[in-house]
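The values are calculated or read from the model by the stated rules, or taken from the named source; none is laboratory data. Every value quoted in this text rests on a predicted model; they were computed, and no experiment measured them. Note that we place each Cβ from the backbone using ideal geometry, even for glycine, and neighbour counts take in every protein chain shown.
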Amino acid sequence: MPTVLIIDDNAAIAVALDVLFSLHDIDTLSAASPEEGLALLARQGAGIDLVIQDMNFTADTTSGAEGVALFREIRRRHPDLPVILLTAWTHLDAAVNLVKAGAADYLAKPWDDQRLLATVTNLIELGQANRALAQRMHSDIRQRRDLERHDLRGMIWQDPATERVIHLACQVAKSDVPVLITGPNGSGKERIAEIIQANSSVREGPFVVLNCGALPSELIEAELFGADAGAYTGASKAREGKFEAADGGTLFLDEIGNLPLAGQMKLLRVLETGRFERLGSNRERQVRVRVISATNADLQAMIRAGTFREDLFYRLNVIELALPPLAGRPADILPLAHHFLDGRKTLDAGAQATLQAHTWPGNVRELKNVMARACLLAAGDVIKASDLGLPVAAAPVAADAEPDRDAITQALRRAHGVVAQAAAELGLSRQALYRRMERLGIAR
Ligand SMILES: Nc1ncnc2c1ncn2[C@@H]1O[C@H](COP(=O)(O)OP(=O)(O)OP(=O)(O)O)[C@@H](O)[C@H]1O
């Protein structure tokens, strides 16, 4: 519950305010003198959301000088604490001057309950929102600093959604828990696995990748566990599997949903005991491997369909890192595009708008390919929308009922150039806003 401190020598006023506020779920504390008020503030500090103070305290003074001194002291010690002044209507001048000096508001006695309540509630809500914002900024900065201490394998990002995943990856890297990375093809799951490896206790060990989706199912087990000569048709000599290759390091199993049931069973055993046999061999081998798996399939649905083992799922999925599709982290698009251009060419406004408006079904991999192609196709140093081979941000629509240039530039400024955010504020789709920006020649 929010708390208001009332500093007034008149006990009747403190009681009246206490009754009024308690009916509206606001706690009150009261102090009969400036000294007592300051002492309470020093003790309760952050627990007090707002102060209501009188202007005169000694019976024979009416100058308001004590109130002014008290206000200045509160301001000095608690610069962000809102203060409402209560004053006799004959002494409004002093109060008005203090509002200019930073008091939140003043009320002439006798006050209007509704107006006082509205003022107090607004100020409390504003204070809470400001504190939450400050906290969030603080934790964002801390998170950035924390990330800078890690090896991030050249990962490029700008979007807070991506940053959350990277942060979690760095956190789980230090422990030994199995991690399942989920996300669509080309979204950067392998990059995230590399970050985990690079910051783990086995960072000096090998990083071995097996894409279970790229192999026929009969070969996956041989790839994973190895095979002795003659274990299957065509196995002319003994071969080491990925588990052996990854001993002392990390094995990244991409598209784990493609592992057939028999292989799932064996994988579960290695995860639990570190032990397995090559195909066609009875010799048990022991390894220490950190397994990171990834999938773009809905493993839960596969469990229901009986094609994925539930026990294996829970074994792999102690921590899930869900990497959003590229379109779900729009602030990453342009930084990634520039990264892939590597200073060779630049993008004009139309090209940037087109990249930002595209839905990226192939995610970062698609963006990488689009930039490579555009580099080859663009005649000069500047890539235009038409060089991208993507649907160009579409033709203008009817000109009525549209936000004008000013509304758009202001919304963009408030959104720090994040078009999706500005579009939401203007009630437009991202594409529609881009069209308008392009037509009006507005850069971000
Ligand atoms: N944030 C990023 N910064 C720099 N490069 C990236 C980033 N994300 C992905 N890439 C690059 O994009 C390509 C695709 O990424 P990656 O192979 O990690 O995706 P994936 O999700 O593992 O794909 P798949 O599921 O198809 O195997 C790679 O060349 C990778 O290096």
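Here are some notes:
- Test for ASN317: is it polar (S, T, N, Q) and within 16 Å of the ligand (Cβ to nearest atom): no
- Just one of the listed residues (THR28, THR58, THR62) is more than 19 Å from ARG77 (Cβ to Cβ) and surrounded by 16 or more Cβ atoms within 10 Å (Cβ to Cβ), namely THR28.
- ALA118 vs. criteria of a type outside the set (Asp, Glu) and either within 16 Å of the ligand (Cβ to nearest atom) or surrounded by 14 or more Cβ atoms within 10 Å (Cβ to Cβ) (or both): no
- Residues within the stretch 340-361 that are surrounded by fewer than 17 Cβ atoms within 10 Å (Cβ to Cβ), of a type outside the set (D, E, K, R) and in contact with a Lys or Arg (Cβ under 9 Å, 6 or more places away or on another chain), tallied: 1
- Matching entry among ARG144, ARG203, ARG239, ARG131 (being more than 12 Å from the ligand (Cβ to nearest atom) and surrounded by fewer than 13 Cβ atoms within 10 Å (Cβ to Cβ)): ARG144
- Set GLU320, GLU244: member being touching a residue at least 12 places away in the same chain (Cβ under 8 Å), part of a strand (DSSP E or B) and out of contact with any helix residue (DSSP H, G or I) (no Cβ under 6 Å at 6 or more places or on another chain): GLU320
- Residue that is acidic (Asp, Glu), modelled with pLDDT of 90 or more and either within 16 Å of the chain's Cα centre (by Cα) or on the phi > 0 side of the Ramachandran plot (or both), where the choices are ASP151, ASP146, ASP159: ASP159
- Qualifying residue in the stretch 295-304 (condition: in contact with a Pro (Cβ under 9 Å, 6 or more places away or on another chain), closer than 25 Å to GLU190 by Cα and modelled with pLDDT of 95 or more): no
- Test: residue in the stretch 245-262 that is over 22 Å from GLU204 (Cβ atoms), more than 16 Å from the ligand (Cβ to nearest atom), touching a strand residue (DSSP E or B) at 6+ places or on another chain (Cβ under 7 Å) and in the same structural domain as ARG191 (by TED's automatic domain parsing): no
- Pair list, Cβ < 9 Å and 6+ apart or interchain, from the stretch 169-193 residues that are at negative phi and in a loop (DSSP other than H, G, I, E, B) to residues that are of a type in the set (S, T, N, Q) and within 13 Å of the ligand (Cβ to nearest atom): PRO178/SER293; PRO184/ASN296; PRO184/ASN363; ASN185/ASN296; ASN185/ASN363; SER187/ASN296; SER187/ASN363
- Residue within the stretch 130-143 that is in contact with an Asp or Glu (Cβ under 7 Å, 6 or more places away or on another chain) and over 30 Å from GLN197 (Cα atoms) present: no
- When residues of the stretch 152-180 are limited to those that are among the hydrophobic types (A, V, I, L, M, F, W, C) and near the ligand (Cβ under 8 Å from one of its atoms), the one surrounded by the fewest Cβ atoms within 10 Å (Cβ to Cβ): ILE156
- Taking the stretch 30-53 as the range and being modelled with pLDDT under 90 and either within 24 Å of ASN122 (Cα to Cα) or not assigned by TED's automatic domain parsing to the domain that holds THR121 (or both) as the test, the residues that pass are GLN44, GLY45, ALA46, GLY47.
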